[in-house]
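**Student:** Sharing a structure below in structure tokens format, with a few things to ask.
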Amino acid sequence: MYKFTVLLNRSKNMAYLSGNNNCMPDLTLNEMYEIAINVENLSPTSPYVLWASLLESVTDFEFCIFYSESKKEVTSQAEAYARKMGCTNISKGRPSIAKEKRQDSHTFN
């Protein structure tokens, strides 16, 4: 099972698609926001750090976790969701193998 998390910056119409397994459906929005803005030990020029540096408030933040049996499908679902949410700037990492077993998507805002 593959996993891709859409991290949204609603005020900037930007999304980052993350395969990071720190993104878990049982975390609150505030907990995920704290994880999202923690860029310690990451390259300051990485696409993720550039995305995270533009987050100004938890009120601008939203995330949705997608699961699928195929990398292609989970990527397609995540990209479509980001576009549906009005994101005009979408950066992405790589889908990961999900540690948790989920069949459905989870949205948090």
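The values are calculated or read from the model by the stated rules, or taken from the named source; none is laboratory data. Source: prediction; values computed, not measured. Don't worry about glycine lacking a Cβ; one is built from the backbone with ideal geometry, like all the others, and counts go over all protein chains shown.
**Student:** Is it fair to say Ser91 is surrounded by 15 or more Cβ atoms within 10 Å (Cβ to Cβ), in contact (Cβ under 8 Å) with a residue 12 or more places away in the chain and of a type in the set (Ser, Thr, Tyr)?
**Tutor:** Criteria met by Ser91.
**Student:** Among the residues of the range 47-76, what is the count of those that are within 15 Å of the chain's Cα centre (by Cα) and without any contact (Cβ under 8 Å) to a residue 24 or more places away in the chain?
**Tutor:** 3
**Student:** Kindly list the number of the only condition in (1) in contact with a Cys (Cβ under 6 Å, 6 or more places away or on another chain); (2) exposed (fewer than 13 other Cβ atoms within 10 Å of the Cβ) that fails for Ala15.
**Tutor:** Status for Ala15: all satisfied but (2).
**Student:** Report every pair of residues separated by at least 6 positions or lying on different chains whose Cβ atoms are under 8 Å apart, first residue within the range 20-37 and within 19 Å of Ala78 (Cα to Cα), second modelled with pLDDT of 90 or more and in a loop (DSSP other than H, G, I, E, B).
**Tutor:** These pairs meet every condition: Asn20/Gly93; Tyr33/Leu55; Ala36/Leu55.
**Student:** Additional query: Would you be able to say whether some residue in the range 66-80 is more than 21 Å from Ala98 (Cβ to Cβ), out of contact with any Lys or Arg (no Cβ under 6 Å at 6 or more places or on another chain) and either surrounded by 13 or more Cβ atoms within 10 Å (Cβ to Cβ) or of a type in the set (S, T, N, Q) (or both)?
**Tutor:** No, the range 66-80 contains no residue that is more than 21 Å from Ala98 (Cβ to Cβ), out of contact with any Lys or Arg (no Cβ under 6 Å at 6 or more places or on another chain) and either surrounded by 13 or more Cβ atoms within 10 Å (Cβ to Cβ) or of a type in the set (S, T, N, Q) (or both).
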